[in-house]
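Here is the structure we will look at.
We did not get these values from a lab; they are worked out from the coordinates using the rules stated. Remember, predicted model here, so these are calculated numbers, not experimental data. Glycine gets a Cβ as well: all are built from the backbone with ideal geometry, and neighbour counts include every protein chain shown.
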Amino acid sequence: MGRIIKFLLYLAGGVIALGIVAAIAIAVLFDPNDYKDDIALAVKEQTGRDLAITGDLELSVFPWVAIQVGETELSNGSGFGDEPFARFDAAKVGVRLLPLVLGGNVEAGTISLDGLNLNLAVNSAGRTNWQDFLDAADASATEGDSQEIDDDTRTARSVSGFNVAGIEVTNTTLRYADATTDTAITLSELDMVLGTIATADNQLTVDGLDIRGLLEGATTVPTSLGLQTDGVNVDLESETLQVEPLSMALLGLDVLADVEPMAYGDDVATTANIQVEPFSLRSLMERLDIEPPPTADPAALGRVSLSGQAQLFTHQLSLVDVQLELDDSTFTGDLAIPRGDGAFEFALSGDSINLDNYMAPVVEAEAGAADADAAPVDIPVELLRLMDARGTLDMTMVSLAGIDLEEPEIHLALNNGNLRLHPITATVFNGEYYGDVRVNASGSTPVLSLNERIEGVELGALAKAMFDRDNITGAINGEFRLSGRGADLGAVQRSLTGNLSMNLLDGTFEGTDIWYELRKAYAVIKQQPAPEPVLPARTRFSNVAVSGAVTDGILQSDDLAAELPFMRLTGEGKVNLVEGTVDYRLNARVIESPELMGEDISADDLEALTRRRIPIKVSGDLASPSIRPDTQKLIEDRAKEEVENVVKDKLKDLFDR
């Protein structure tokens, strides 16, 4: 037995020695550069393309069968110009000899490729410059299918194992030009490193992947590209792919993803938990050649982050259990992003947001200039035409123009420049708001339509928010059906048309005491001293109702009716909604009440006032109007009344005779 083992060892040593001698002989006697023309001819016969190997070919045999190729160039397809299809500066690959010979195992060293330039193109007819390779492969596969291969031959051709120490691709440039869409994209400075690649039992594993490069053409400015993962496993039998947690960088976004096993057959579908690190939405829009909108807060749109579960399907990317942070606001819910045509869909809930920060900045008028000269707030027409979206949004608080909307819920639909927000519900100043807002930006001039209703809104808080005034209390109900057209909100306001109605309930108007103003006017008529005012001056009301039609931003009303504790008012007039002014003519009827009696008014005077229809003028600033009896009209009416009384007395005397 010992002699047999010794013989086998001698035999193995002899084989190894013989292999070493053969390898040395091949290295000394064989020059692969002598076969450059033969290689080029073979490529020409197989592909129809020209292969030029201008660099040196180097070959080694033991312990590695290795070949190193210098500068090489492959011509382009027919009709795609003189630019080469591919070229590289150097390539190297090596396979261990003994494992291949003795066990049929392929054990390759690190495969390296440096300075690759690959030019991919699509011509105006839609044909690619790599289609001929695919055609040849299909023909070869068809020919192979027509030939029967016996089991012994199949076994002889099989390799029991495959192992590559790694792949390194450096200094690579990939160019893609599509004449059908007039697009050109370049991926330059590309480095790709793959770790150990091995196959066993229908499993392909890659121990690590790192890709880095610079993308140009897809965005207005170059953007870095990156992809890293610790490993990839492919089940060739079940056609499934499993990737270790990976990180990606693109368009200035850094994305972390934990990908679940996925099928890579005909219908690609996968699920991954993703996290997008904070980024600037403004910067992203600039990279995508979208001009960021000017905002009142320069820092708005400056910080966005996203996390959730991504579900990639053939036609859509869905994000569920999303947490989206926009500046100081946080949203949760679901998103669906179309791959190609389709609508962006969402169902989100949020905490609070101040929309004033995202509105166009208010340009202060120069000294002496009118407010109308301030820059108008434009309607974002291009943005509305660009987007296709639908969904729901509910928030804890939304602030706009000093008005806080509590628990708002908004349903949105946007398509082809048509935006509809309906229904909109919210609590505002302890009252309720219901709205249907539409913007039609599909035509040359945008059209804004409002159908809104408010119930039980606190007047004082509303006046403070809208006019910065503390001169009214009570509640307001109202309905507004208005529409206007124009490129900015100023033009829309000037063209407003429609109708509105309002009711003011159980409140006070501060700064004016109508009863005092009536007594003062009456004292003037009687040429008596003015009564002492009761301070603070205020007028109580139980109900004020007004409605009317709006034309070109001006409300015309003829049905104003107000109920005061001691008076009823009716009248007509105008409210200029653009300039914020009011001009009303009212008639007051005093209601006889013992509470109105005082030291400075007698029962006769009170009776005289209750018999009269007292004219009142309401004019000036809508936020703080002047409310005064029309003394001139009172005097005229008093004079007319006295004349009538004189005439009556004369006629009576005449008929009594």
Could you state the number of Å between the C-alpha centres of region 441-457 and region 258-326? 31 Å
Label-point separation, THR170 to THR497 (7 Å along Cα→Cβ), nm: 7.3 nm
Could you tell me which of the pairs LYS520/LYS617; LYS464/LYS520; LYS574/LYS617; LYS464/LYS617 are separated by over 22 angstrom between their Cα atoms in the structure shown? LYS464/LYS520; LYS464/LYS617
Förster-model FRET efficiency, 56 Å R0, ASP470 and ALA125, C-beta, rounded to 0.05: 0.15
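Taking square-rooted eigenvalues a ≥ b ≥ c of the alpha carbon gyration tensor, is region 246-305 rounded, prolate or oblate, where a/c under 1.5 means rounded and, failing that, a/b exceeding b/c means prolate? Write out the running numbers ahead of the final one.
Values: a/c = 3.52, a/b = 2.37, b/c = 1.48.
Prolate, because a/c is 1.5 or more and a/b exceeds b/c.
Which value, in debye to the nearest 20, describes the size of the charge dipole of region 402-455 about its Cα centre when Lys and Arg Cβ atoms bear +1, Asp and Glu Cβ atoms bear -1, and nothing else is charged?
Numbers: 3 positive and 8 negative charges, 86 e Å.
Dipole magnitude for region 402-455 comes out near 420 debye.
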Multiplying the sequence separation of SER624 and GLN309 by 0.36 nm and subtracting their Cα-Cα distance, what value in nm do you get? 107.9 nm
Let me make sure I get this right: for region 402-501, a, b and c are the square roots of the gyration tensor eigenvalues over alpha carbons, sorted descending. Under 1.5 in a/c it's rounded, otherwise prolate if a/b > b/c, else oblate. Which is it? prolate
Distance in nm between ILE290 and GLU45 label points, each 7 Å along Cα→Cβ, equals 5.6 nm
